[in-house]
Amino acid sequence: MADLQGFYGRQGSGLKPFTPTRVLDTRTGAALAANGERRLDLSGRVPVDATAAILNVTVTKPTASGVLKVYPDGSPVPVASNLNFVAGQTIPNLVIVPVVAGKAMIRNASSGTTHVVADLAGYFGSAASGANQTYVPHGPHRIADSRNRTGWIKPYDGPFTKYATASADVLVSQQCDGGCPAPTAAVLNLTVTAPTAAGVLTAYPAGQAAPTASNVNFVARETASNLAVVKVGADGRIAAYNNSSGSTHVVVDQAGYFIAPAS
């Protein structure tokens, strides 16, 4: 077991966001066994002094009801849970988990098997490792809603069509009078509503290609939402991709943003 004395004594950390990257997908191999655990090793993607990782974690194809727990490597299994699921359900949730030497544990607290997918969106750590962005609470404010054709910047009106992408401006504080630093990442609640087919919604920095990652999983006619920490593109916008064969409305509420220190 890892020595956690120093781990729990660490000071507050800054954020280093990046384009979401898929770091685990058990569908390429064996599902997580009933009451089984999997060590998630991020040591090649986050620095050794990283204090926590931002992960979008998805359960898919579970064979029984249960909960998923994500926690620091070497720590006792917590009572707390991150995802609650029923058999056959696909459900995601944003997880900010402490890491020890870049590692965390995932436990399937269920009598059945399940597949697990995890996408890494950033980490918290020291300024020396580049994790120097600080959080500015702001809102919540609705910044985009395709139902009333507001906020989204795209070449069409109304819902996202199949396999469509659109971008939206990230808000900065109205108290700045133009003097705020540019945001580096945004804290967003993403909602999909009235989809005509099953699919996933992916949020990422505008101006980049859509990554192999997901934020919200949905089925036809479902309203589903999830929290996301999304790196902001160079133009001050985030993009969203409807990876679905049908159309859907997309709503985005912003709860804050991160900024880098003044140079």
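The values are calculated or read from the model by the stated rules, or taken from the named source; none is laboratory data. The model shown is predicted, which means the values in this text are computed figures rather than measured ones. In this analysis, Cβ positions are derived from the backbone assuming ideal geometry, glycine residues included, and neighbour counts consider all displayed protein chains. Only protein heavy atoms, including side chains, enter the accessible area calculation; ligands, DNA and RNA are left aside. Shrake-Rupley method; radii C 1.70, N 1.55, O 1.52, S 1.80 Å.
Close amide H contacts of residue 149 (hydrogens built in the peptide plane, cut-off under 5 Å, sequence separation of 5 or more or a different chain): 158. Between the range 128-150 and the range 50-84, the C-alpha centres lie 25 angstrom from each other.
Counting only protein heavy atoms and a 1.4 Å probe, tell me what percentage of the range 38-146's accessible area is made up of carbon and sulfur.
Using a 1.4 Å probe with all protein chains present, the range 38-146 comes out at 55 percent carbon and sulfur.
Taking only the alpha-carbon positions of the range 123-188 and ignoring solvent, what does the Debye formula give for the base-10 log of I(q)/I(0) at q = 0.16, 0.26 Å⁻¹? Computed log10 I(q)/I(0) values: -0.73, -1.14. Taking a ≥ b ≥ c as the square roots of the eigenvalues of the Cα gyration tensor, the range 1-135 is prolate, since a/c reaches 1.5 or more and a/b is larger than b/c. Placing 123, 163 in order of accessible area, with the largest value first and a 1.4 Å probe, yields 163, 123. The charge dipole of the chain, taken about the Cα centre with unit charges on the Cβ atoms of Lys, Arg (+1) and Asp, Glu (-1), comes to about 440 debye, rounded to the nearest 20. Every Cα-Cα pair in the range 129-263 was counted, and those over 28 Å apart are 15% of them.
If you take the alpha carbon atoms of the range 55-180 and fit the smallest convex hull around them, that volume is 180 Å³ per residue. Between the range 168-229 and the range 233-263, what is the separation of their alpha carbon centroids in Å? Each part reduced to its Cα centre gives a spacing of 4 Å. Charged neighbours of residue 226, selected by a Cβ distance under 14 Å, balance to -3 (K, R count +1; D, E count -1).
Run the paramagnetic zone check for residue 35: 7 angstrom along Cα to Cβ, then residues of the range 51-84 with backbone nitrogen under 16 Å. What the label zone holds, given the 16 Å backbone N cut-off, is 64-69, 77-79. Backbone N atoms of the range 224-247 closer than 17 Å to the 7 Å Cα→Cβ label point of residue 196 belong to residues 242-247. Counted over the range 60-114 with a bin width of 10 Å, the fraction of Cα pairs per bin, in whole percents, is 26, 49, 24, 1. Dividing the radius of gyration of the alpha carbons in the range 196-263 by their Kirkwood radius gives 1.02 for Rg/Rh. Ligands, DNA and RNA excluded, the heavy atoms of residue 16 present near 70 Å² of accessible surface to a 1.4 Å solvent probe.
The share of accessible area on the range 212-263 that comes from carbon and sulfur is 49 percent, using a 1.4 angstrom probe.
Here the contact order of the chain, divided by its residue count and restricted to Cα pairs under 8 Å and six or more residues apart, works out to 23 percent. Against the set (1) 64, 43, 37; (2) 52, 47, 27; (3) 64, 53, 34, the structure's computed Cα extents along the principal axes in Å falls on (2).
Ligands, DNA and RNA are left out, and with a 1.4 angstrom probe the accessible area of the range 167-263 is 40 Å² per residue.
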